[in-house]
Amino acid sequence: MIRQLFTKDGYVHRIDILRANDAQLVELSKSMGLALSLQEMKKIQDYFKKRGRLPSDLELEAIAQSWSEHCCYKSSKYFLRQYVYNIAKDKIVAREDAGVIEFDEKHYYVVALESHNHPSAIEPYGGAATGIGGILRDVLCMGAQPIALVDPLFFGMPDTKYEELPKGVKHPRYLFRRVVEGIRDYGNRVGIPTVAGQVYFHKSYTGNCLVNVGCIGIVEKNKLVHSKVKRPGDVYIYAGGRTGRDGIHGVTFASEELHEKSEEKSITAVQLGDPITKEPLIHACLECNEKGLVEGMKDMGGGGLSCVCSELAYEGGCGAEVYLEKVPLREEDMKPWEIWVSESQERMLLVVKEENVKEVLNIFDRWDVEAVPIGKVIEEPFIRIFYKGQLVGELDLRFQIAGVEYSRGWIEPPTREKEVDFPMPNVEEMLLKILSSYNVCSREWVIRQYDFEVRGCTVIKPMHGDVEMQTHADAVVIKPLRDSFKGLAITSDINPYFTSLNVYWGTCSAIDEACRNLASVGARISSFTDCLNFGNPEKPERMGEFVMCMKALNDMASVLNVPFASGNVSFYNESSAGSVAPTPTIMAVGIVKDVRKCPTTNFKGEENPIYVIGETKKEMGGSEYYKCMGLEAGIVPRSEPSLLKRSVEKVVEAIENGLIVSCHDVSNGGIGIALAEMVIGGKGAEVCLYSLPNLRTDIKLFSETNTRWVVEVRKEKEEDFRKLFSDLKIYKIGSVKGRKLIVYDGDEMEKFIDIDKEELHNAWSKRLWEEMA
């Protein structure tokens, strides 16, 4: 039907879209893997009609990369500008491939969070590994030294029966294992610690797992690099791995729903990572930057050379000429369009003054990293691509880069909240059941595979406490500079069970929990970074979920006056099994004045008093307790940002003044699980819940109301603690004691829980080790 539209012209094919009808345009997009709509194909048709010529295959491929959802955010930009971009924007130094925020007088920290969902769903090891490789480059291209990695991961239920899997879908256990191995092998080999993240299991991820990856870096203020050219005449230098056929159509593949033939059709869209090449590439790029030789820098990620060469020039108000025969190749017979859009890994593009080219090439040679000049910056706003003397592509960058944007129609999704009555079960049995549930149990099986201490700056580690029985941290703390005790705290949070019931309040809860986690280690919130994972934006209800999420982010962050430094939108996370639960992953970074004062979660001092900060309410929607009871009901926890702001400031102040010895935010599983985890890593606790609001004992224990902490207060400073929190609700519930968790409630001090530390640890620690054995 469309073959007659193609004619050979030297090293490319010309495609006669000028006389193509609507059906042919649709078929052309489909057969070439462009993932463009009829409306977009017509826009391209009009562009070339005005120029009176036929496009080359390379030109159509280049436009498709730039117009993909992954690259241009065509469905989300309108709402991001409306709700997110302008929050506390005076605190943002730059928002490019990564966000840049002030750390101290001489340094910025650089932060990025991305998704690698579709590649990981069809090839989990390679998809996850190259996700880590890509996020490292996003931070590197700002001139920053990467110092920490983060991995929020989301899978279907591990106990899913094989006969329940949709066609073409891999089992969640296999995906989980291989994704963790991919992150482990890449991060460990490149020498950057994977320090934080989360693992969530939810049935909606069965057909489409989510693999989000984040990175933090540090850079001296005078060494910050931008992802744009500065002047005509500067030279494009290609550095790093050679270009192959892996990763072709990676961004267009990620801009469609998954289906049962996705692996067969798109396996070549998954890139091949090489951390052994990446490490010297990082060193060489940083050395060039340290010596003042870099005018601009960008990584070759989504869209490959096509996007990086064009975007660098466009952002600098210039154009560029590129000579494809100079690009180092792994395969000799690659077509020009394949070279142009390949997403082969471990590649960077540097913009260098002509007089500095030789010195830059010498630096890369000393690091044994291949580097070659492949083009130059020009004055006109066009990208011109040559191959062996033939002009194989020429595009107006104003058309290619700023081509499409939509304000899609949306409908507000229904909330699925309802309250139910039921008799109270045995709460001791329920505590142990929740402790061993998939979304509460220990993540040690994951954490121990990562080298979270390489580089020697991880102060608060992801697990800590007694050597033989360790517990989780609420946030990890990094000390990025040798001559300073100032630190960066890192956490990531989202609860898909909340968002699937009420996307607005579920999103608010993610912000609330991120702030609580940072406060628990004595950090003041500095910035958020989001990875917004949703279904097909062409469906009004899916788009409605996204818009309600945007409104929640705005309502919370505006009051907190905290910027979104960077972010990512990942649409089309949908398969024949349906859409994923709305998953706006929040990565938060806080600044610690003095890392020596950071508390951990484990109980420490015999007879120290234990307090709950914040009021407990009957907000059980999406709770671990209701899931263990088999109840799909309840009200999702609400959040009041002004109360949250005051509360986190008080908690941080108490930590800085040495009043709080141990601190744990109350989240999954409520106060009961928070107490159990604090006991597992340290000493025991004896508490009475009678002072808490007048609720049933199981609600007091397992409610997941926001803006709450369990804290161990230094005994001799209890009065100072009470005075500091005089304008907030706090409840003294007991003291640190022995090696058991003992819980009383009621007028007559009825004992509801009496479990020794070892039994708590066994219930909590074994689930994933046994599941993944």
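Values computed for the structure shown
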| quantity | calculated |
| --- | --- |
| Members of region 749-762 that are over 17 Å from Gly465 (Cα atoms) and not β-branched (Val, Ile, Thr) | Met749, Glu750, Lys751, Phe752, Asp754 |
| Residue among Ser576, Ser566, Ser570 that is surrounded by fewer than 24 Cβ atoms within 10 Å (Cβ to Cβ), of a type in the set (Gly, Ala, Ser) and within 25 Å of the chain's Cα centre (by Cα) | Ser576 |
| Selected residue (criterion: surrounded by the most Cβ atoms within 10 Å (Cβ to Cβ)) from residues of region 371-403 that are among the aliphatic types (A, V, I, L, M) and in contact with a Ser or Thr (Cβ under 8 Å, 6 or more places away or on another chain) | Ile383 |
| All strands (runs of 3 or more DSSP E) inside region 1-105 with 1 or more residues being open to solvent by less than 50 Å² (accessible area, probe 1.4 Å) | 12-15, 92-95, 99-102 |
| When residues of region 675-706 are limited to those that are in contact with a strand residue (DSSP E or B) (Cβ under 8 Å, 6 or more places away or on another chain) and of a type in the set (Val, Ile, Thr), the one surrounded by the fewest Cβ atoms within 10 Å (Cβ to Cβ) | Thr697 |
| Region 716-736 residues that are without any contact (Cβ under 8 Å) to a residue 24 or more places away in the chain, paired with ones that are surrounded by 15 or more Cβ atoms within 10 Å (Cβ to Cβ) (beta carbon under 7 Å, 6 or more apart) | none |
| Region 28-42 residues that are within 17 Å of Ala62 (Cβ to Cβ), paired with ones that are of a type in the set (S, T, N, Q) and open to solvent by 20 Å² or more (accessible area, probe 1.4 Å) (beta carbon under 8 Å, 6 or more apart) | Ser29/Ser37 |
| Hits in region 196-228 - residues which are touching an Asp or Glu at 6+ places or on another chain (Cβ under 9 Å), open to solvent by less than 10 Å² (accessible area, probe 1.4 Å) and aliphatic (A, V, I, L, M) | Val211, Val213, Val225 |
| Any hit, region 577-597, residues being farther than 29 Å from Gly217 by Cα and among the acidic types (Asp, Glu) | no |
| Those residues of region 127-182 which are of a type in the set (A, V, I, L, M) and closer than 26 Å to Leu481 by Cβ, in sequence order | Ile132, Ile135, Leu136, Val139, Leu140, Met142, Ala144, Ile147, Ala148, Leu149, Val150 |
| Residues satisfying the stated conditions in region 162-217, i.e. of a type in the set (Lys, Arg) and assigned to a helix (DSSP H, G or I) | Arg173, Arg177, Arg178, Arg184, Arg189, Lys203 |
| Among the candidates Arg189, Arg184, Arg242, residue that is under 18 Å from the mean Cα position of the chain (by Cα), open to solvent by 10 Å² or more (accessible area, probe 1.4 Å) and in contact (Cβ under 8 Å) with a residue 24 or more places away in the chain | Arg184 |
| Unmet requirement for Arg330, which otherwise passes all of (1) surrounded by fewer than 17 Cβ atoms within 10 Å (Cβ to Cβ); (2) in contact (Cβ under 8 Å) with a residue 12 or more places away in the chain; (3) under 30 Å from Met550 (Cα atoms); (4) not small (Gly, Ala, Ser) | (3) |
| Residue count, region 465-483 (criterion: open to solvent by less than 30 Å² (accessible area, probe 1.4 Å) and either in a loop (DSSP other than H, G, I, E, B) or among the hydroxyl-bearing types (Ser, Thr, Tyr) (or both)) | 7 |
| Restricting region 128-148 to residues that are over 22 Å from Ile248 (Cα atoms) and of a type in the set (Val, Ile, Thr), the residue that is surrounded by the most Cβ atoms within 10 Å (Cβ to Cβ) | Val139 |
| Tyr125 of a type in the set (Phe, Trp, Tyr), more than 24 Å from Arg184 (Cα to Cα) and open to solvent by 10 Å² or more (accessible area, probe 1.4 Å) | no |
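The values are calculated or read from the model by the stated rules, or taken from the named source; none is laboratory data. If you're wondering where the values come from, they're calculated on a predicted model, not measured in any experiment. Using ideal geometry, Cβ is built from the backbone for each residue, glycine included, and neighbour counts are taken over all protein chains shown. We work out accessible area using only protein heavy atoms, side chains counted, and drop any ligands, DNA or RNA first. Shrake-Rupley method; radii C 1.70, N 1.55, O 1.52, S 1.80 Å.
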